[in-house]
Amino acid sequence: MYGADLIAALGIVNNIRSISFTLGSSMNMSTSTMVGQNIGAKKIERLKKIILTSIWIGELLIAGYVFALFFFGPQITYFFTPNDNVASMGGLMMKFFAINEVFFIIAMIGYGVLIGGGLTKTTMMIGIISDWCILAPLVFIFSLMHLGWEFLIFSFVVQSVAMAFLSMIEVKRGKWMERRI
């Protein structure tokens, strides 16, 4: 239904997106470490500043990347393929994923806070909810409705928004500060 060009474009875009996964993972681990150390040292007053600083740093670091994806997506895709259709599809996908990355980095930092506070089951549940209760049903429904591939890619944006929203709700609840590791 969607064709080889779409699969090729998605493969290229996913390779390009791996940069954001590296940044997200780095922000997750560094935030987790700082949260865990400060909880262990009983320096709870530092935690809010750590979280806000992590979000600002993460968003600033991802900003240039998001700008490049959003405005130069087709040109970036041309580095990987001479096919005009694949590059055009990849460019449009990158616009969706540029928006996605803003929320993805917030979710990864939220995960880091929760993991640093010992709430690993909570992060697992957020992952299950965002993957299996949001992403999978949206992709399935959009496919059944024979909507364009853009709707399938949009599903990933909705998933990242949900991940960011749910992780920030859990961070705001503050249970991770009560947890003793």
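Taken together, the values in this text are just the output of simple stated rules run on the coordinates, not laboratory data. None of these values were measured; they are calculated from a predicted model. Backbone-built Cβ (ideal geometry, glycine too); neighbour counts: all protein chains shown.
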Of all residues in the stretch 140-181, count the ones that are under 30 Å from I39 (Cβ atoms) and of a type in the set (V, I, T). 4
Yes or no: the stretch 13-33 includes at least one residue that is surrounded by fewer than 20 Cβ atoms within 10 Å (Cβ to Cβ), in contact with an Asp or Glu (Cβ under 6 Å, 6 or more places away or on another chain) and within 26 Å of M145 (Cα to Cα). no
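Of all the helices (runs of 4 or more DSSP H) wholly in the stretch 86-181, which have at least 1 residues that are touching a helix residue (DSSP H, G or I) at 6+ places or on another chain (Cβ under 9 Å) and among the basic types (K, R)?
Values: elements: 120-128, 136-144, 149-173, 175-178.
The helices (runs of 4 or more DSSP H) meeting that bar are 175-178.
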Matching residues in the stretch 86-99 (surrounded by fewer than 21 Cβ atoms within 10 Å (Cβ to Cβ) and farther than 24 Å from G110 by Cβ) number 3
Of residues in the stretch 44-63 being surrounded by 12 or more Cβ atoms within 10 Å (Cβ to Cβ) and among the charged types (D, E, K, R), the one farthest from I105 (Cα to Cα): R46
Could you tell me whether I128 is out of contact with any Ser or Thr (no Cβ under 9 Å at 6 or more places or on another chain) and closer than 30 Å to I39 by Cα? yes
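Residue by residue, here is whether (1) within 28 Å of S143 (Cα to Cα); (2) within 18 Å of the chain's Cα centre (by Cα) holds:
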site: I7; (1), (2): yes, no
site: G36; (1), (2): no, no
site: K43; (1), (2): no, no
site: L69; (1), (2): yes, yes
site: Q75; (1), (2): no, no
Conditions (1) surrounded by fewer than 22 Cβ atoms within 10 Å (Cβ to Cβ); (2) in contact with a Gly (Cβ under 8 Å, 6 or more places away or on another chain); (3) among the small types (G, A, S); number of the one not met by G117: (1)
Which of the residues spanning the stretch 113-149 are over 18 Å from the mean Cα position of the chain (by Cα) and not aliphatic (A, V, I, L, M)? G116, G117, G118, K121, P137, F140, F142, S143, H146, G148, W149
Looking at this structure, is G58 touching a residue at least 24 places away in the same chain (Cβ under 8 Å) and within 28 Å of V171 (Cβ to Cβ)? yes
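Anything in the stretch 72-85 that is surrounded by 14 or more Cβ atoms within 10 Å (Cβ to Cβ) and either assigned to a helix (DSSP H, G or I) or touching an Asp or Glu at 6+ places or on another chain (Cβ under 8 Å) (or both)? List them, or say none.
Narrowing the stretch 72-85 to residues surrounded by 14 or more Cβ atoms within 10 Å (Cβ to Cβ): 73-74, 76-78, 80-81, 83, 85.
G73, P74, I76, T77, Y78, N83, N85 - these are the residues of the stretch 72-85 that are surrounded by 14 or more Cβ atoms within 10 Å (Cβ to Cβ) and either assigned to a helix (DSSP H, G or I) or touching an Asp or Glu at 6+ places or on another chain (Cβ under 8 Å) (or both).
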